[in-house]
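One structure is given below, encoded as structure tokens.
Rule-based calculations on the coordinates, nothing more; no lab input. Because the structure is a prediction, the values reported are computed rather than measured. Neighbour counts run over all protein chains shown; Cβ positions are idealised from the backbone, glycine included.
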2 protein chains.
Amino acid sequence: MPPSNLDTPASGAGDGASPRDTKERLLDAAERLFAERGFEGTSMRAITQGAGTSVSAANYHFGSKEKLLQEAIRRATEPVNARRIELLDIAIAASEGAPLALETILDAYLRPVIEFRRANRPDEGRSIAARLFSDPPELIQPIKIEIFGPMTRRFSQALAETMPERGSLDIELGHQFLIGIMVYVISGQLESSSLAATHPEGVDEGLLLQRMIEFVAAGLRALPPA
Amino acid sequence: MPPSNLDTPASGAGDGASPRDTKERLLDAAERLFAERGFEGTSMRAITQGAGTSVSAANYHFGSKEKLLQEAIRRATEPVNARRIELLDIAIAASEGAPLALETILDAYLRPVIEFRRANRPDEGRSIAARLFSDPPELIQPIKIEIFGPMTRRFSQALAETMPERGSLDIELGHQFLIGIMVYVISGQLESSSLAATHPEGVDEGLLLQRMIEFVAAGLRALPPA
DNA sequence: GTCTATAGTTGGATAGAC
DNA sequence: GTCTATCCAACTATAGAC
């Protein structure tokens, strides 16, 4: 929005961090801290210290802590959902009218989650997207509706078309079970569970994606025909 | 622990609430509020107002906000886990050495969750147990280990014995997927999801239990033999 | 065992200089 | 656009009376 200045803005204590502009550094720190400790557990001071700037700079850019949370979630989730829809559209175009395989739909839904996670947060366990299910609903609901609503409807529709003999309640239930598994995984729970105790080497991401798809596909197929 | 007094203790502003003793009322209010808003989002003032008593009474009984959270989670989850193990033991005793059916194990795991939810929180959507996956790990981890560790090991073992041809990593993964679905459900997400939008009548609890068992059983059976 | 009152800290947000 | 300094509200925990 501002005329792109080739220099770093003015002065700023942002010398320790990367030289990207303050707004980006704030979003980075906010995403990391909100993901780890939630909205109420994270102070503006912690975020601005993490970004190497001041509380007033954050309020200048975002207006309030609540809007900063929403912007951080939006930035993290919008490209994932765009990619999901893109993969679904590609699959539909390739299918030439035939119903999609269940595994194809699930792959389009889950693969972008795993891949963006590796690309953007190579170290962190918990994604800020998981906070959509534990942070205060009044902050979270607008994002859910705006960013997730259209994508969710596309996948509900795709599932229903691929399993036309199932009731809509059962399909929605299965869809929700899929989301439950995904949220659990991106919450980093695998890393602090009995699985981590018995298998400290961790789980390969490709294998994890494959197992999630197999598991959910079988679960959905087990839903009774109406 | 104190000699059971037949009268209500002394005076107390607890006249609006039920006449049970202060400690119980505090745990009730804490369970409800921590479940809804999390540890950091809930103040001692809100809890003690909800219990019709004072902050100092709460600190007298529990020592700190953190211990109050841990006690509230313990009280809510211990009987559920005891019942799970009891159902598993009953099934094992009845099986006379034969491996248990997958559905029997899953029923023992999930049924107590659904039933205690209906019995104790007829109105509330979100269970405090769900906060085991979003509240600060340093508060939560001790409870997980103490209250959930033995129960989880029993069920991991039961799953492994019923599916001897599967690798332990895959069994643990499937176990974690089961937990993910259960956490999602007890977080009340079904009530604020696309499912609630399309099916505002809600889902019958018996049907929900049945569908969860079918879904997870099929998912587990889809795991590849080693 | 419970209260009122308060100590001591930390929080979000803003004013005003630069 | 960013800073320092500050306001004021809310928090946890405790002291001390009863």
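To test your reading of the geometry: what angle, between 0 and 90 degrees and rounded to tens, separates the Cα axis of helix B:22-37 from the longest principal axis of chain B? Helix B:22-37 sits at roughly 60 degrees to that axis. When A:ARG45 is represented by a point 7 angstrom out along its Cα-to-C-beta vector, the spacings to that point in the other copies are 1.9 nm, nearest first. A point 7 Å from Cα along Cα→Cβ stands in for A:ALA94, and the other copies hold the same point at 4.8 nm, listed in rising order.
Between A:SER56 and A:ARG221, the modelled labels are 6.3 nm apart [label points 7 Å from Cα along Cα→Cβ]. Loop-resident GluC sites (Glu not before Pro) (DSSP state other than H, G, I, E or B) in segment B:102-155 with no more than 10 further Cβ atoms inside 10 Å of their Cβ are absent.
Find, to one decimal place in angstroms, the Kirkwood hydrodynamic radius of the protein assembly as shown, where the mean of 1/r is taken over every pair of different Cα atoms and then inverted.
After inverting the mean inverse Cα-Cα distance, the result is 23.9 Å.
The residues packed around A:THR152, meaning those with a beta-carbon under 12 Å from its beta-carbon, carry a net charge of +2 if Lys and Arg are +1 and Asp and Glu are -1. Taking the Cα centre of each part, how many Å lie between segment A:51-113 and segment B:130-158? Cα centroid of segment A:51-113 versus Cα centroid of segment B:130-158: 31 Å apart. Rg over Rh for segment B:71-221 works out to 0.96, using Cα positions for both radii and the Kirkwood form for Rh. Across chain B, Cα pairs under 8 Å and at least six residues apart give a relative contact order of 21 percent.
For segment A:147-223, which GluC sites (Glu not before Pro) pass both filters: DSSP loop (anything but H, G, I, E, B) and at most 16 other C-beta atoms within 10 Å? Here the sparse-neighbourhood loop sites are A:GLU165, A:GLU201.
With label points set 7 Å from Cα along Cα→Cβ, the inter-copy distances at A:ASP204 are 4.5 nm, sorted shortest first. Classify segment B:82-154: rounded, prolate or oblate, from the alpha-carbon gyration tensor (a ≥ b ≥ c, eigenvalue square roots; a/c under 1.5 rounded; otherwise prolate if a/b is larger than b/c)? Because a/c hits 1.5 or more and a/b fails to exceed b/c, segment B:82-154 counts as oblate. The Rg/Rh ratio of segment A:135-189, with Rg taken over Cα atoms and Rh as the Kirkwood radius over Cα pairs, comes to 1.04. Give the angle, between 0 and 90 degrees and rounded to the nearest 10, that separates the Cα long axis of helix A:168-186 from the longest principal axis of the Cα atoms of chain A. In chain A, helix A:168-186 runs at an angle near 40 degrees to the longest axis. Between 0 and 90 degrees, rounded to the nearest ten: what's the tilt of helix A:102-120 against the longest Cα principal axis of chain A? For helix A:102-120, the angle is close to 20 degrees. Spin-label model, A:SER64 to B:GLU96: label points 7 Å out along the Cα-to-beta-carbon direction sit 6.8 nm apart.
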